[in-house]
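Let me begin by presenting the structure, written as structure tokens, before commenting on it.
Read the figures in this text as sums done on the coordinates, not as results from a lab. Remember, predicted model here, so these are calculated numbers, not experimental data. Here the Cβ positions follow ideal geometry from the backbone for every residue, glycine too, while neighbour counts run over all protein chains shown.
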Amino acid sequence: MTMPRGSDGTASGSGWERLAQAVSEVLPPVEVDGVWIFAPLRREDREWGTAVLSRVDGDRRRIYTARYVLAVKGKQRGKFESTIQEVGSGPMDALARVLQEAQRRIDDEHPPSSVAPESWFSSVVAPADATPR
């Protein structure tokens, strides 16, 4: 996966990789059919990242927001916190409208980047007792 770069041009992969691992502990990666990542924000000694994930559940699409905070400097360097929250569900064809509305509401000059789920989860380490699917 090509990792997004922060505003200072440095790679910010560690936070995304750790977030993908945290998500994989809540959602089976094989069920995730869409990932969109927003440019990470760096302020002082922390980096914040947000991803939106989609998965199909029967005839509905479930949408999740995954966020992380990573200490990149200071005494707590390397400290990582994440949250994964289901934020909604809807008909299968509603995804494009939801993404357009989200973009309009945040009024960000940099829209979220679409990342192939298999690429985003490529660094995920499966538990030792996991059986292949």
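Here are the numbers:
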| item | result |
| --- | --- |
| Charge dipole of region 17-70 about the Cα centre (unit charges at C-beta), most positive-ward option of G58, V32, L70 | L70 |
| Under Karplus coefficients 6.51, -1.76 and 1.60, residue-wise ³J(HN,Hα) of region 42-58 in Hz, glycine/proline x | 10, 9, 6, 10, 10, 10, 10, x, 9, 10, 10, 10, 10, 9, 8, 9, x |
| Whether region 19-64 is rounded, prolate or oblate, judged on the alpha carbon gyration tensor where a/c under 1.5 counts as rounded | prolate |
